[in-house]
Structures are given as C-alpha cells and as structure tokens.
Amino acid sequence: MTGAIDHLSIPPRRPLSRGAAPPQKEEGHRINFRIESREVRLIGADGENLGVVPTRQALAMAEEANLDLVEVSPDAKPPVAKILDYGKFKFQEQKRAAEARKKQKIIEIKEIKMRPMIDDHDYDVKMRAIRRFFEEGDKVKITLRFRGREMAHQELGQKLLNRVKSDTAEIAKVESEPRFEGRQIVMVLSPR
C-alpha cells in the first residue's frame, strides 16, 4: 500500500532534456515522468536490453546517467523505453524523415498531343520528348486529336498509336490501352 502512496506523492517535474519543450501527445514519445505504465522493458544508454524494470527504477537510472527515459514503443506489453538524450533522439528522427522524403519520387503524367496526319520530323521530336520523360521516370499520356473530317479515318489514328507502341516497346509498357474520349484517342504508357 505504501508503494501506491509513494507513487501519488511524486511532484510533477520538467523533463530532463536540456532546453527542449515538453513533447506534444501527437509526437508519440512520452518522456521521463510522462510515462504512465508501472513497468517498462528498458534499453540502456549503450543499447543493452536490461529487461522489464519498474518505471521508477528506470527513471532513477536515467537521472543517474544525466539522460532522459524515452518511451519508444508504447504499444508493446510492457512498453519499451530507452535511456538516451531526447534532443539528439528528436534530431536523428527528423533527419531520417527528411532523408525518406528526399528519396521519394513523385511520378507525374506528362501529356504528348498528336494529330493523325503528323509529319515524320514532328513525330521524331515527340518521340525524343517521350524518351526523355521515361528517363525521368514519368508516365506519358498520348492524346491523338481528330479534327473535322479526320473522324472518318480513325484507322490512321490507330495505326499511329500502334507505331508509337512499337517504337517505345523496349523502354515502356502500355498502362492504358488506346480508348476514345470524344474526338480524341488517349493511351497511357509507363516506363519499364
């Protein structure tokens, strides 16, 4: 019974981290006296697993080492806590997040517009642009627009799109087969 009374008589104190504001709930890491569980699976400052330890003892060990007790895995039973410098921990976490963001590649869809009666030189220019887009890792949407009486010769459009498919076969795959959308045919290619 005295253990419960001792637990209630502990005055609230500031985190041990130097100059850092107390963490918000959304950040996910409770530190020092904000850890609510009775016991934690403790990992020492040197990375050694110290086993399941009462939270009070873990706090005392952290204070003795002049470091913080940080709850790194609150969902585990019991929660996992580490003895470490919270400021350094936050900095490393932010660095990892920035590195992950930097490695992400946002795939864009670039559009190339053509006409059924396109000239050979214009076709070559468009194909160079398509190859450049594939090298950058982007998808390409090819829009073939029919004007006026060209709608009577849709087979010319199909023939042109088949030519594009065969010319890009080694560097791209057809993600969306040619389909009509009003007065145009649309096809989407993605890099291999």
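The values are calculated or read from the model by the stated rules, or taken from the named source; none is laboratory data. It should be emphasised that the depicted structure is a prediction, and the values quoted were computed from it without experimental measurement. Methodologically, a virtual Cβ is constructed for each residue, glycine included, from the backbone with ideal geometry; neighbour enumeration extends over all protein chains shown. All accessible areas refer to the heavy atoms of the entire protein, side chains included, with ligands and DNA or RNA removed. Shrake-Rupley method; radii C 1.70, N 1.55, O 1.52, S 1.80 Å.
Summary table below
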quantity	calculated
Of all residues in the stretch 51-95 being part of a strand (DSSP E or B) and under 24 Å from the mean Cα position of the chain (by Cα), the one that is nearest to Arg34 (Cα to Cα)	Glu71
Meets criteria (without any contact (Cβ under 8 Å) to a residue 12 or more places away in the chain and in a loop (DSSP other than H, G, I, E, B)) for Ile118	no
Selection from the stretch 96-115 of residues that are in a helix (DSSP H, G or I) and either of a type in the set (A, V, I, L, M, F, W, C) or more than 22 Å from the chain's Cα centre (by Cα) (or both)	Ala97, Ala98, Ala100
Within the stretch 123-177, tally of residues that are acidic (Asp, Glu) and under 26 Å from Gln104 (Cβ atoms)	4
Residues located in the stretch 124-160, provided they are surrounded by 15 or more Cβ atoms within 10 Å (Cβ to Cβ), in a helix (DSSP H, G or I) and over 35 Å from the mean Cα position of the chain (by Cα)	Glu150, Leu156, Gly157, Leu160
Residue that is surrounded by the most Cβ atoms within 10 Å (Cβ to Cβ), among those in the stretch 165-191 that are in contact (Cβ under 8 Å) with a residue 40 or more places away in the chain and either outside any strand (DSSP E or B) or in contact with a His (Cβ under 8 Å, 6 or more places away or on another chain) (or both)	Thr168
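Rundown of residues vs (1) open to solvent by less than 80 Å² (accessible area, probe 1.4 Å); (2) among the β-branched types (Val, Ile, Thr); (3) modelled with pLDDT of 85 or more, yes/no style:
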{"position": "Gly3", "(1), (2), (3)": "yes, no, no"}
{"position": "Pro15", "(1), (2), (3)": "yes, no, no"}
{"position": "Glu26", "(1), (2), (3)": "no, no, no"}
{"position": "Gln57", "(1), (2), (3)": "no, no, yes"}
{"position": "Ala81", "(1), (2), (3)": "yes, no, yes"}
